[in-house]
Ligand code: 13P
Ligand code: SF4
């Protein structure tokens, strides 16, 4: 079977079985092509609450599938590849965060959406990389406890100096590996290119960027810019997807370290197996977790309006 054959079969089965396929922008091009909706974490959360189909297949990582289940508890939600976790989302346990929370009772707990459903149950507001600055700015309390990504938290703190932001020391192992040395090498190789980076990168990389934004924001910026050359500082799929979308522009990956194995683990065959009823993992969360975790996601949606 060719890639096209598998894609055609997926498209046929998804119509027959009333299934919606959601794909994060880090997914491979052949998956993006068969998805009903593609986007960054924030856009996927919004889409999750609005889809009509009874079954949703998530091509992304586990916390994204959990977010769909929290927002649409009556739907069957399937994570296309059960091995697709996000190490950052699993870095902080509920008990540890509860202890920090108890020691800082005057703080509003802001959780990056890259957290487990269990941890979200004790957080006040959720944010994504595209909404973090906007949402934290709107929180009436100036005392913020931000977790788990200290790089995104530092970026938010830099944009909102009037806020008193305490950071917990977590982060994305993929983005955190990239250094200013990598930036210097990429800039030397492509002196005319603009540097676009994701705020999960460490602060001394972020401060060298011409633009900082979520995966979708980076793609929109590059597509709409009059500039022709870009160094992309986030997962390598964005370079591939941008190169297909903007054939007249040139995209260079900031570093070969930008490979998220969890985002790459999902294949077209995994998606086909989900539709055949032989693959994926149905996400199940108990009612209390859904109700409690939903509070901080609803708050995110309310504050981002
Ligand atoms: P976005 O918020 O840009 O989608 O990135 C989240 C992320 O880390 C996906 O791995
Ligand atoms: Fe998690 Fe980082 Fe991979 Fe995103 S890129 S899924 S934050 S490990």
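Springs join every pair of Cα atoms under 10 Å in this Gaussian network model of the chain, and among 121, 38, 99 the largest mean-square fluctuation is at 99. Relative contact order, whole percent, for region 90-232 stands at 19, derived from Cα pairs under 8 Å and 6 or more residues apart. Put the Cα centre of region 158-215 next to the Cα centre of region 264-290 and the gap is 32 Å.
With R₀ set to 41 Å, the beta-carbon distance separating residue 12 from residue 94 gives a calculated FRET efficiency near 0.45.
Sum -39500 (n - 2.57) across every DSSP H segment of at least 4 residues in the chain, then divide by the residue count to get the 222 nm mean residue ellipticity, nearest 500. Each step should come with its number before you reach the end.
Numbers: 16 runs with 136 residues, N = 305.
Mean residue ellipticity at 222 nm (helix-derived): -12500 deg cm²/dmol.
As a size descriptor, the averaged projected area of the C-alpha convex hull of region 190-301 was calculated at 10.2 nm².
Please check: in the Gaussian network model of the chain (C-alpha springs, under 10 Å), which one of 119, 13, 152 has the largest mean-square fluctuation. Residue with maximal mean-square fluctuation among 119, 13, 152: 13.
With the simple model of a label 7 Å out from the Cα in the direction of the Cβ, residue 30 to residue 264 spans 1.5 nm. Mean separation of Cα pairs under 8 Å and 6 or more residues apart, divided by the residue count, gives the chain a relative contact order of 23 percent. Peptide packing: for 52-63, 138-149, the average count of neighbouring Cβ atoms within 10 Å per residue gives the ranking 52-63, 138-149, highest mean first.
Sort 251, 42 so the one with the fewest other Cβ atoms within 10 Å of its own Cβ comes first.
Values: 251 21, 42 24.
In increasing order of surrounding Cβ atoms, one gets 251, 42.
Diffusion of the chain by Stokes-Einstein, at 10 °C in a medium of 1.306 mPa s and with Rh set to the Kirkwood radius over alpha-carbon pairs, works out to 80 µm²/s.
Taking a point 7 Å from the Cα of residue 138 along the Cα-to-Cβ direction, the residues of region 280-305 with backbone N closer than 18 Å to it are 294-305. When you restrict to C-alpha pairs under 8 Å that are six or more residues apart and normalise by the size of region 151-226, the relative contact order lands at 30 percent.
Let me know the shape class of region 78-148, please: from the alpha-carbon gyration tensor, a ≥ b ≥ c as square roots of the eigenvalues, rounded when a/c is under 1.5, otherwise prolate if a/b is greater than b/c, or oblate. Can you show the working numbers first?
Values: a/c = 2.87, a/b = 1.44, b/c = 2.00.
Taking the square roots of the gyration eigenvalues as a ≥ b ≥ c, region 78-148 is oblate.
Read-outs throughout are calculated quantities, based only on the coordinates presented, and are distinct from any laboratory measurement. Predicted, not measured: the structure shown is a model, and the values here were computed from it. Counting neighbours? That spans all protein chains shown, and the Cβs are built from the backbone with ideal geometry, glycine included.
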